[in-house]
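Asks: Have a look at the structure that comes next, please.
The values are calculated or read from the model by the stated rules, or taken from the named source; none is laboratory data. Keep in mind the model is a prediction, meaning the values are calculated, not measured. Reconstructed Cβ throughout: ideal geometry from the backbone, glycine too, with neighbour counts over all protein chains shown.
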Amino acid sequence: MIEHWAAFVVLTVVVIVGKIVGVALGAFLTGSSTRTAIQAGMSLAQIGEFSFIIAGLGLDARRDRAPFVYPVAVAVSAITTLTTPWLIRAAEPTADLVDRKLPHPLQTFTTLYGAWLERVREDPPRATPTRRAARSA
């Protein structure tokens, strides 16, 4: 690990930031509030044991081309798992900060987007000619 510390640090940061952004964006796009999306992203920022399997398979397939991949994957997994409790603890204050500091146009957008999703969920499907034809068949 000492030999490949730069790869370890970069991958750890990429995983944590990428998972926070990816999960938060996915949660927001599916209808969660900004607060809930941020909390979900920060709660799921770790990578799991599955990364060991992927790294091991990659190591077996490429034989000696990148022998450092497996130890780096294990270390990144361990560190991201260890940071999870701190990220969960920081999720609520971070969500509060984002709520306070989010520019007004983005606050308006998130509110309108959430309201639109609620209307889409509540609206019954309309009877289009295609649906009427399918029902009568």
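Asks: Within the range 87-119, can you find the residues that are free of Cβ contacts under 8 Å to residues at least 60 places away in the same chain and within 18 Å of the chain's Cα centre (by Cα)?
Replies: Matches in the range 87-119: Ile88, Arg89, Ala90, Ala91, Glu92, Thr94.
Asks: For the range 46-102: of the residues being within 17 Å of Lys19 (Cβ to Cβ), assigned to a loop (DSSP other than H, G, I, E, B) and not hydrophobic (A, V, I, L, M, F, W, C), which is modelled with the lowest pLDDT?
Replies: My answer is Glu49.
Asks: Ok, one more. Might you check whether a residue that is farther than 22 Å from Thr110 by Cβ and assigned to a helix (DSSP H, G or I) occurs anywhere in the range 16-24?
Replies: There is at least one residue in the range 16-24 that is farther than 22 Å from Thr110 by Cβ and assigned to a helix (DSSP H, G or I).
Asks: Collect the residues in the range 65-114 that are closer than 24 Å to Ala7 by Cα and of a type in the set (D, E, K, R), keeping them in residue-number order.
Replies: Once the filter is applied, which keeps residues that are closer than 24 Å to Ala7 by Cα and of a type in the set (D, E, K, R), the range 65-114 yields only Arg65.
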